[in-house]
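Below is one structure, written out as structure tokens; the observations come after it.
Since every read-out is calculated from the coordinates, none of them should be taken as a lab result. This is a predicted model, so every value here is computed, not measured. So basically every Cβ, Gly included, is an ideal-geometry build from the backbone, and we count neighbours across all protein chains shown.
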């Protein structure tokens, strides 16, 4: 056996990703807020019906806004209402609605470079005909692709277990974050918590990540975004951190300073917007709900938009987030429901 040299130790140190935990830093709450108070229930349906719970929202290549509405409540079980809506950014009015009868529990939403809409269906319907899938839709609602088996949960290359989010890479490769249950107290090492990679045609390539709290492991990979350097940024919500991978699944970094993140968006000038909808005194002591805004280049958090004040002492904030070219924030509200719009001061 060869003796370990100083050079070998230095090489080992350079290949190990330094990982901080949420316990290593003080809560990041007391930062400037560059936004006016949010306008609740900004998006409106033409028939005046109330908007339901949502977690998915994105902005298309022409600046159009797309968002999920869980059929006026928090599920589309037994409903034939449309679930995916295009919203006029100038007025907040819904201009197009698609996806009726396709989903049981629409969750994550992504608009690709061609304007197609991808939606994860995170739970099975009672009749087993929907759920645990990812659907690709054209802007007029045509189903272009399905990943997973309807109503059936599982692992491997062709099934999902409560898929959270979906994102496409510049070359068209598809990434699905799988395993919404991972943050629950009853989750075990057998619980799904992974990233699954497919070709643009939907052919399985690989999966990476597993349930746990060690570097690279996941507990509810709730949202994803890809930056200009080709890094996959994952909201590892149950572990109160963001984890950063290359597109082959190699862990590059871990950032706890953005808190217990539910949604991610990269805006102009490589600005990272991370929305925290879940921090409470019980699960993340000292941290507040809201939007932390920083740099995707170095991970520095520069400002904080507080969540809503409610009767609950922990308040509330949205799960999904999208930001337009002017820096206007659109938050998809799960608890309070509807879309909230934040305009810069």
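Listed values, structure above:
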| item | result |
| --- | --- |
| Within segment 205-231, backbone nitrogen closer than 17 Å to the virtual label 7 Å beyond the Cα of residue 113 toward Cβ | 225-231 |
| Cut-off 15 Å, label 7 Å out along Cα→Cβ of residue 25, residues of segment 228-256 by amide N | 234-237, 239-244, 253-256 |
| Spread of Cα-to-Cα distances over 10 Å intervals beginning at zero, given as percent, for segment 279-345 | 19, 49, 29, 3 |
| Neighbour-count order for 79, 295, 259, 228, fewest beta carbons within 10 angstrom listed first | 228, 295, 79, 259 |
| Burial ordering of 94, 291, fewest other beta-carbon atoms within 10 Å first | 94, 291 |
| Most fluctuating residue given options 86, 36, 123, as computed from a GNM of the chain linking Cα atoms under 10 Å | 36 |
| Coordinate range along principal axes, alpha carbons of segment 33-342, Å, largest first | 45, 41, 37 |
| Rounded Å value of the spacing that divides the Cα centres of segment 217-250 and segment 112-146 | 22 Å |
| Ranked 308, 107, criterion: other C-beta atoms within 10 Å, fewest first | 308, 107 |
| Stokes-Einstein D for segment 74-182, Kirkwood Rh over Cα pairs, 10 °C, 1.306 mPa s (µm²/s) | 112 µm²/s |
